[in-house]
1. State all residues of the range 164-179 that are assigned to a helix (DSSP H, G or I) and either on the phi > 0 side of the Ramachandran plot or surrounded by fewer than 24 Cβ atoms within 10 Å (Cβ to Cβ) (or both); if no residue qualifies, say none.
2. If I filter the range 484-502 for residues that are over 30 Å from Phe367 (Cβ atoms) and away from ligand 1 (no atom under 16 Å from the Cβ), do I get at least one hit?
3. For the range 104-120, give me each residue that is farther than 19 Å from Glu94 by Cβ and touching a helix residue (DSSP H, G or I) at 6+ places or on another chain (Cβ under 7 Å).
4. Can you confirm whether the range 258-278 contains a residue that is in a loop (DSSP other than H, G, I, E, B), of a type outside the set (Lys, Arg) and closer than 19 Å to Ala215 by Cβ?
5. Would you list the strands (runs of 3 or more DSSP E) that sit entirely within the range 302-391 and hold 2 or more residues that are under 30 Å from Met481 (Cα atoms)?
6. Taking Ile462 as meeting all but one of (1) of a type outside the set (Ser, Thr, Tyr); (2) in contact with a Phe, Trp or Tyr (Cβ under 7 Å, 6 or more places away or on another chain); (3) over 30 Å from Asn308 (Cβ atoms), write down the number of the exception.
7. Does the range 10-24 hold any residues that are crowded, with 24+ Cβ neighbours inside 10 Å and not acidic (Asp, Glu), and which are they?
8. Looking at Thr27, Thr106, which is the one that is at pLDDT 95 or above and either assigned to a loop (DSSP other than H, G, I, E, B) or closer than 30 Å to Arg327 by Cα (or both)?
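The values are calculated or read from the model by the stated rules, or taken from the named source; none is laboratory data. Fair warning: this is a prediction, and the values are worked out from it, not measured in the lab. Cβ: placed from backbone, ideal geometry, glycine included. Neighbour counts: every protein chain shown.
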Amino acid sequence: MSITLYVPADAGSLSLGAGAVADRIATAARERGQSVRIVRNGSRGMYWLEPLVEVQCGPVRIGYGPVSAADVPSLFDAGFLQGGAHALRLGPVEELPWLRRQQRLTFERVGRIDPLSLDDYRAHGGYAGLARALGMSGAQIVQEVTDSGLRGRGGAAFPTGIKWKTVLEQAAEQKYITCNADEGDSGTFADRMLMEGDPFTLIEGMTIAGIAVDATQGFIYCRAEYPHAARALRAAIATAGANGYLGANVCGSGKRFDLEVRLGAGAYICGEETSMLESLEGRRGEVRVRPPLPAIVGLFGKPTIVNNVISLASVPVILAKGAAHYRDFGVGRSRGTLPIQLAGNIKRGGLVELAFGVSLRELLYDFGGGSASGRPIRTVQIGGPLGAYVPASQFDTVIDYEALSGIGALLGHGGIVVFDDTVQMARMARHAMEFCAKESCGKCTPCRIGSTRGAEVMDRIIAGKDVDANLTLLKDLCETMLQGSLCGLGGMTPFPVQSALKHFPEDFHHVRH
Ligand SMILES: Cc1cc2nc3c(=O)[nH]c(=O)nc-3n(C[C@H](O)[C@H](O)[C@H](O)COP(=O)(O)O)c2cc1C
Ligand code: SF4
């Protein structure tokens with residue numbers, strides 16, 4: 001009898017050697033006359049255990065990890081195909097506390113299914129949301145998304161249903177659904193994991209969006225640094241099309257929806273929605289002045305939904321299980337779940353999907369296990385390179401859009417980058433300015449010039465030159481960038497700088513060299 005094994009084809013797992021592990025298992029099985037079926041699944045998000053090999057043993061999957069190719073012979077010798085004892089044996093994967101304590105709605109299938117198998121997708125609840133949506137009017141679908149309380153997971157946290165309603169209300173012969181898969185924030189990988197581990201969910205979410213607002217064409221703007229995700233998406237799109245889930249007659253409904261993947265070219269600003277539209281139209285990624293909103297004048301001048309991967313990938317479960325089911329998770333105005341990404345100096349880095357309301361402390365210590373270096377965690381940066389630094393004294397703050405803005409932070413795309421007590425905050429402040437200078441699209445002065453001057457001011461502070469006068473200048477400059485920038489890149493670069501100044505002023509006076 002053939003035994004089923006799971007070895008991730010997730011890019012993170014591949015970078016840790018999952019490809020060689022899969023090859024070695026296939027070869028060893030052949031040599032030993034064992035019949036195995038190796039499924040290349042997505043990652044469970046426990047990156048410290050990757051490559052994580054799972055063996056189907058009756059109803060449970062027994063995990064072994066982290067497995068290297070050199071471990072494979074000893075795993076066979078230990079009878080791992082029957083779940084045998086071995087130093088790397090982790091037990092039933094779904095029982096691991098790290099996974100069991102999560103509330104996976106959007107990531108429910110990631111790691112569990114064969115990402116490119118439509119049958120597997122459907123067997124695990126896939127396309128139930130679209131089936132329900134096809135029996136509803138566009139306005140009803142939009143209402144369902146509004147009622148779920150879903151807010152954009154790309155960074156701005158704008159209510160998804162309201163955005164869709166604006167597009168629905170536009171009279172136009174052509175509308176578009178665009179998916180922002182540029183995922184440029186430091187310490188974020190949820191979009192990538194989802195696209196690689198369960199691409200049909202994104203395709204289904206975009207199809208529902210298209211049916212809802214009467215848009216017949218969708219584009220996924222995927223960063224070029226994600227070749228595995230782009231490949232998975234293209235393969236899944238082809239399969240969906242061949243099986244009537246995309247194309248001129250979606251599921252026999254008479255409604256059309258086509259989908260294409262377009263690659264970015266490595267600019268952080270192309271994650272900003274209007275730059276993304278410029279780039280999709282074939283131009284240099286430069287921010288457009290708003291208004292008009294993309295929902296009214298978007299791609300090729302037509303009404304356009306721009307949503308993040310996770311926003312769109314959350315729609316199928318909302319439609320399949322109902323708005324109330326999704327809204328029941330969360331706190332206050334932050335409804336549903338959030339895939340939180342733990343990165344940087346953390347012992348157990350990876351993806352944790354939980355209802356809003358979990359504290360930073362629980363994430364960093366109960367899930368993350370503290371710093372990888374074993375030193376005290378001094379600060380975390382939340383929400384990417386433009387996010388604020390949160391000091392350890394505020395680790396009881398919960399993951400909730402409003403609670404975080406209450407302490408001057410923002411959630412962004414849910415990435416948390418951890419730093420221990422060796423971090424030098426003046427250098428981090430300089431890094432923010434340097435990043436902005438490199439990534440600025442150049443359209444407005446406070447960002448284009450201000451960021452370069454900001455890096456220079458930081459150089460003087462770090463060198464100990466006229467520190468007080470330069471700090472005054474730095475604060476003024478931050479205020480100018482905050483007030484005068486056309487978009488969030490220049491407008492948010494002051495956040496890491498100001499938070500570093502506020503919580504760690506001592507780091508700006510005596511910089512260690
Ligand atoms: C500088 C900058 C970079 C951004 N990068 C991304 C990104 O990589 N991915 C993303 O989804 N949103 C990004 N955003 C937010 C988008 O402009 C937009 O708000 C989002 O795609 C809308 O989708 P949502 O409502 O589903 O979050 C960025 C914004 C700014 C200002
Ligand atoms: S803030 Fe920076 S990135 Fe944004 S429009 Fe101005 S120059 Fe471009």
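1. Of everything in the range 164-179, those that are assigned to a helix (DSSP H, G or I) and either on the phi > 0 side of the Ramachandran plot or surrounded by fewer than 24 Cβ atoms within 10 Å (Cβ to Cβ) (or both) turn out to be Lys165, Thr166, Leu168, Glu169.
2. no
3. Leu116, Leu118
4. no
5. Fully inside the range 302-391 and qualifying: 304-308, 337-344, 377-382, 389-391.
6. Of everything listed in (1) of a type outside the set (Ser, Thr, Tyr); (2) in contact with a Phe, Trp or Tyr (Cβ under 7 Å, 6 or more places away or on another chain); (3) over 30 Å from Asn308 (Cβ atoms), Ile462 misses just condition (2).
7. Listed by number, the residues that qualify are Ser13, Ala18, Val21, Ala22.
8. After applying the criteria, what remains is Thr106.
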